[in-house]
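Asks: Got a structure for you, questions after.
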Amino acid sequence: MDTVIFTGGVPLEELKRDRPREYQQMLERGDLEKHLMPAPQTFEVKLWRRLGFTALTIGILLIC
């Protein structure tokens, strides 16, 4: 479950791996520092993942 939809941010390592061109452009423009945000706490990530999987399960059950 991707927590970006709940937290509004992408971990820096994930950005480097999944969107290298966008990361490189931010570095070249000097925008990277402006877009950095604090990493979510471990309990927050677990909470958002559980919420996401619960919503997904409810959606699948409604379709069935």
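Asks: All but one of (1) without any contact (Cβ under 8 Å) to a residue 40 or more places away in the chain; (2) open to solvent by less than 70 Å² (accessible area, probe 1.4 Å); (3) not hydrophobic (A, V, I, L, M, F, W, C) hold for T3, so report the exception by its number.
Replies: Failed condition: (1).
Asks: Can I ask one more? Consider the range 30-41. How many of its residues are outside any helix (DSSP H, G or I) and open to solvent by 70 Å² or more (accessible area, probe 1.4 Å)?
Replies: Qualifying residue count for the region: 5.
Asks: Okay, next question. Which pairs turn up if I take residues in the range 25-50 that are of a type in the set (K, R) and look for partners that are open to solvent by 70 Å² or more (accessible area, probe 1.4 Å) and assigned to a loop (DSSP other than H, G, I, E, B) with beta carbon separation below 9 Å, at least 6 apart in sequence or on another chain?
Replies: Once the first residue is of a type in the set (K, R) and sits in the range 25-50, its partners that are open to solvent by 70 Å² or more (accessible area, probe 1.4 Å) and assigned to a loop (DSSP other than H, G, I, E, B) give R49/M1; R50/M1.
Asks: Working only within the range 42-64, note down all residues that are more than 13 Å from P11 (Cα to Cα), of a type in the set (A, V, I, L, M, F, W, C) and assigned to a helix (DSSP H, G or I).
Replies: F43, L47, W48, L51, F53, A55, L56, I58, I60, L61, L62, I63 - these are the residues of the range 42-64 that are more than 13 Å from P11 (Cα to Cα), of a type in the set (A, V, I, L, M, F, W, C) and assigned to a helix (DSSP H, G or I).
Asks: What are the residues in the range 1-26 that are at pLDDT below 80 and in a loop (DSSP other than H, G, I, E, B), if any?
Replies: Residues satisfying the conditions are M1, D2, T3.
Asks: Step by step: first the residues of the range 6-18, then only those that are surrounded by 12 or more Cβ atoms within 10 Å (Cβ to Cβ) and not acidic (D, E), then the one that is nearest to L56 (Cα to Cα). Which residue is that?
Replies: Among those residues, the one meeting the criterion is F6.
Asks: Run E44 past the list (1) out of contact with any Ser or Thr (no Cβ under 8 Å at 6 or more places or on another chain); (2) under 19 Å from D2 (Cα atoms) and report the number of the one that doesn't hold.
Replies: Evaluating E44 over (1) out of contact with any Ser or Thr (no Cβ under 8 Å at 6 or more places or on another chain); (2) under 19 Å from D2 (Cα atoms) leaves (1) as the failure.
Asks: I would also like to ask the following. Condition (residue is among the small types (G, A, S), surrounded by fewer than 14 Cβ atoms within 10 Å (Cβ to Cβ) and at pLDDT below 90) applied to the range 42-61: is it met by at least one residue?
Replies: no
The values are calculated or read from the model by the stated rules, or taken from the named source; none is laboratory data. Just so we're clear, the structure is a prediction, and the values are computed from it rather than from any experiment. We place every Cβ from the backbone using ideal geometry, glycine too, and count neighbours over all the protein chains shown. Accessible surface is based on the protein model in full, side chains and every heavy atom, while ligands, DNA and RNA are left aside. Shrake-Rupley method; radii C 1.70, N 1.55, O 1.52, S 1.80 Å.
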